[in-house]
Amino acid sequence: MPAARQSFPRGILLPLLFAAATLVSYGQQRATDITGVVQDAVTGETLPHANITVQDLKLGSSTSAHGYFVIADVPGDSCTLLVSFIGYRAKRVSVDLTQPLPRLEILLEPTSIQVAGVTVLGTPTLVDVPRAASQIGMSPRTIAALPGIGQPDIFRALQLLPGINAGSSGSSELYVRGGTPDQNLVLFDGMTIYHVDHFFGFFSAFNTDAVKDIHVSTGGFPAEFGGRVSSVINLTGKSGNRNETQLAAGLNLLSANAALEGPIPWLGNATYLIAARRSYTDFIRSGLYDDIYRFATGDREGGSAGSAVRGGGPGSGRNAMTGSVVPLFYFYDFNAKLTAEPSARDVVSLSLYSGKDDLDKSQNFSSGTFVLPGADGQASLSVQDFSRWGNLGASARWMRQWDERFSTTLLAASSDFYSNFDRSTNANLLFAPSDSAGLRRGLAVASKEDNAVRDRTLRIDAQWQFAQAHTASFGLWSSNFHADYRASLNDSTELFHRGSRTWLHAVYAQDRWVWRDLELTAGVRASYSDATTSLTGEPRLAAVYAVTDGVSLTGAWGTYHQFVNRIVNENVLEGSREFWLTADDDLPPTFAEHRILGVKLESADLLLRVEAYDKRLEHLIQYSRRFREGADFANFFFFGNGTARGLEFFLQKKAGDLTGWIGYTLAGVEYTFPKLNGGLAFPADQDHRHDVKTAAKYTLGDWTFSATWVFATGNAYTAPESQYFIRLLNGQSLGYIHISGKNANRLPDFHQLDLSVSKHFSWSSARADIGLSIFNAYNRRNVSYREYTLTTTPITITDVTLLGFTPTVFVQMYF
């Protein structure tokens, strides 16, 4: 019997024939790689994260940290590029693909510059919303137009975006989608910054004169980033003016700033930038400083030079003590950067950042009397109270473009953070017993807290666009962490001490694949910590599907680990001190899983993005020095899990003289700690159910008017509800305080309107911006927290409010 004849399956034959025909037709087309750099037309500064698209084709790219881009295998004989960057006018560039194509140099005009004969497209947006899920960009140029106190503030501007909040209403810290500030990876020119604010959180620590780009991933960030579980805030520093030397200087009611930048002719194709900012509140005092000081420190009596009465007022007689209260405070930050291009394919940069805060609350009391059992006499009291904290960071980066499609970046970075709190009390009492001469005795009490973090990082990243549809990224990351925290009493009693050292190594790889209307990015990151002797894998996946030219669907999923955590001491009586520790066998690394889905609708004038997120958190840490039997570790540390879920809406008007946005977030953050709150779930401190944020800017000639309005559900807090006493057999009484459930109460809702107006002046060799900004324009008494006086019946509650109506004047000059 003859063998049965096998036929080739038609279901496989037809797709193969179609694929072969596609390849043949593609091979017959001309395909050209387009490479280039995008620069500021005035300063020559390269622009990172600029968008480049090929019109009428589903091709595009974005610039690297050094402004370079490549679009592979562009078909046809000619094409038109559309180039845009936030804070600049978009531009069309025609490209002839029939001739040998050199590297393009595309110059974009800043919004404040008018140049005749240049074809530009409309007015740029205030906020850039890329295609990928949970990505957003801002520029210091747009931030400068928003209302504020003093100099433009990067982190306060980010708080106006949906999903990014200020946890305590008055802080510049960022709580991103239910995460805490330490769960944000904050990078400045590749170096990790651990303390990101000045003046107890009222100002962010970054000078806008030294920053040219701000890129934020609020979730689902790709495999090239790791070590944090919430978000990535990536700041790129200015390289310096390539064309001429420029000096900028500014002044407001709290601080002064200056920046100098320009080319270095004797070093070839090189530039430099030096920027500094310092408050002058330690030698020039103002009512604004007093208001901010009282709010930020909770000190209702400090902030003004002169004398204050502690322990009683006029007529308090022998129980009064008079003291001099002159708190001195200042902050500064300093940036320096050197950038050189030894060849057309190499960029080398050195960047330095330093910032410090210094507070002296020392006081001297005298000319008072104490009433002591069996003794009476004069007394003097001296309190030395110093708080100092700051950052010191440096990075060296070498970018090499090996060919049009393959590049590497080698980075070495160092970052140090320190905080020192030192308080000592010295009392001299003159006893005068009736049967002898006076006897002087001394009493000294001292407490001290020191924390230091040292981070040394070496990483190499590579990017290879091996086909039009595929861009591969891979790299190695190695960091050495050293964290040390010590709390002591009287230099002899150690309350708590913990030091930790660890090496963290990571490797990652990912591929961005574009097929027709689908863009898929898949990657994985593997990390090894020698302190935990654990190897963790972190898969990442993100997708964008273009339904039409103006409608796209987005999604992202990934897992994340964090090996260094900021521990916050939440005991109000101890002052909410904070310190950093690395994960080990006793303190496990924090874990998070992100799930994100969204839709984006965009036209020439409007953009709407809606995103839903679900975040699962494990190994969260809460800390208290009060001894609690059954704590998870060292009597102080408690471990738990959490969830953060939300729905975000972002509507932006992109073009015209009036631009701005409206954002709304419906969210919830819930923690569960088995040994806290009876094991019941409770809202986190940063839980806000409703957030509404609006920002608007209107340009009228040389005048700029702007306004922001924010509404937020009040913060959750724990409150004492009653106090009772038990009389012992020896006649003494013990007091007990009954408190509510963990975060079972809410502060009143927060809302505030800020306004700003400024005028731009131009001369032949200089220009200036002069303006007025009004903080809390309708003087809303927003409650930051509540104080409880337990010695009264019933308990007395005092609302501690934020700043009221506060106008400020600012001047910024450019030469």
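The values are calculated or read from the model by the stated rules, or taken from the named source; none is laboratory data. Everything numeric in this text was worked out from a predicted model, so none of it was measured. All Cβ positions, even for glycine, are placed from backbone atoms using ideal geometry, and neighbour counts span all protein chains on display. Side chains are part of the model used for accessible areas, which takes the heavy atoms of the whole protein and leaves out ligands, DNA and RNA. Shrake-Rupley method; radii C 1.70, N 1.55, O 1.52, S 1.80 Å.
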### Message
For segment 514-538: of the residues being assigned to a loop (DSSP other than H, G, I, E, B) and among the polar types (S, T, N, Q), which is most open to solvent (accessible area, probe 1.4 Å)?
### Response
T533
### Summary
I460: passes all of (1) of a type in the set (A, V, I, L, M); (2) farther than 22 Å from T192 by Cα; (3) surrounded by fewer than 16 Cβ atoms within 10 Å (Cβ to Cβ); (4) modelled with pLDDT of 95 or more but (2)
### Query
Across segment 641-694, what is the number of residues that are of a type in the set (S, T, N, Q), more than 21 Å from the chain's Cα centre (by Cα) and under 30 Å from A487 (Cβ atoms)?
3
### Selection status of F203, at pLDDT below 85, open to solvent by 10 Å² or more (accessible area, probe 1.4 Å), among the aromatic types (F, W, Y) and closer than 30 Å to I774 by Cβ
yes
### Task
For segment 703-742, enumerate the residues that are open to solvent by less than 80 Å² (accessible area, probe 1.4 Å) and within 25 Å of I149 (Cβ to Cβ).
T704, S706, A707, T708, V710, F711, A712, T713, G714, N715
### Query
Considering G287, G311, which residue is of a type outside the set (S, T, Y), closer than 26 Å to S784 by Cα, surrounded by fewer than 16 Cβ atoms within 10 Å (Cβ to Cβ) and at pLDDT 55 or above?
G287
### Query
L772: among the aliphatic types (A, V, I, L, M), under 27 Å from the mean Cα position of the chain (by Cα) and open to solvent by less than 20 Å² (accessible area, probe 1.4 Å), yes or no?
no
### Within segment 208-227, considering residues that are part of a loop (DSSP other than H, G, I, E, B) and buried (at least 24 other Cβ atoms within 10 Å of the Cβ), the one nearest to the chain's Cα centre (by Cα)
T218
### Task
Taking only segment 605-640 into account, find how many residues are modelled with pLDDT under 90, open to solvent by less than 40 Å² (accessible area, probe 1.4 Å) and either of a type in the set (K, R) or under 22 Å from the mean Cα position of the chain (by Cα) (or both).
1
### Task
Taking the residues in segment 539-555 that are of a type in the set (V, I, T) and part of a strand (DSSP E or B) as candidates, determine which candidate is most open to solvent (accessible area, probe 1.4 Å).
V551
### Task
Could you check, for segment 28-36, whether at least one of its residues is within 21 Å of R512 (Cα to Cα), at pLDDT 50 or above and in contact with a Pro (Cβ under 7 Å, 6 or more places away or on another chain)?
yes
#### Entry: Enumeration of residues in segment 44-66 that are open to solvent by less than 20 Å² (accessible area, probe 1.4 Å) and either in contact with a helix residue (DSSP H, G or I) (Cβ under 9 Å, 6 or more places away or on another chain) or over 19 Å from M138 (Cβ atoms) (or both)
G44, I52, V54
#### Entry: Selection status of N730, over 30 Å from G646 (Cα atoms), at pLDDT 85 or above and not in a strand (DSSP E or B)
no
### Query
So which residues in segment 488-510 are farther than 30 Å from G523 by Cβ, of a type outside the set (F, W, Y) and assigned to a strand (DSSP E or B), if there are any at all?
S488, L489, T493, E494, L495, H497, R498, G499
### Query
Taking the stated definitions as given, is R501 open to solvent by 70 Å² or more (accessible area, probe 1.4 Å), basic (K, R) and within 26 Å of W398 (Cα to Cα)?
no
#### Entry: Enumeration of residues in segment 641-688 that are charged (D, E, K, R) and open to solvent by 20 Å² or more (accessible area, probe 1.4 Å)
R645, K653, K654, D657, E670, K675, D685
#### Entry: Checklist (1) farther than 17 Å from R400 by Cα; (2) open to solvent by 10 Å² or more (accessible area, probe 1.4 Å); (3) modelled with pLDDT under 90 applied to I71, failing item
(2)
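Okay, residues lined up against (1) over 20 Å from A695 (Cα atoms); (2) modelled with pLDDT of 90 or more; (3) of a type in the set (V, I, T):
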site: L734; (1), (2), (3): yes, no, no
site: K742; (1), (2), (3): yes, no, no
site: P748; (1), (2), (3): yes, yes, no
site: Q752; (1), (2), (3): no, yes, no
site: S764; (1), (2), (3): yes, no, no
site: N782; (1), (2), (3): no, no, no
site: V800; (1), (2), (3): yes, no, yes
### Query
Among the residues of segment 239-251, is any of a type outside the set (F, W, Y), surrounded by 23 or more Cβ atoms within 10 Å (Cβ to Cβ), in contact with a Lys or Arg (Cβ under 6 Å, 6 or more places away or on another chain) and closer than 23 Å to S395 by Cα?
no
### Query
Restricting the first residue to segment 588-605 and requiring it to be more than 14 Å from L647 (Cα to Cα) and assigned to a strand (DSSP E or B), which pairs with a second residue that is open to solvent by 40 Å² or more (accessible area, probe 1.4 Å) and at pLDDT 90 or above meet a Cβ separation below 6 Å and a spacing of at least six or different chains?
T590/H619; F591/E618; F591/H619; E593/R616; L601/V551; L601/L608
### Filtered residue count, segment 164-207, keeping only those that are free of Cβ contacts under 8 Å to residues at least 60 places away in the same chain, in a loop (DSSP other than H, G, I, E, B) and among the small types (G, A, S)
3
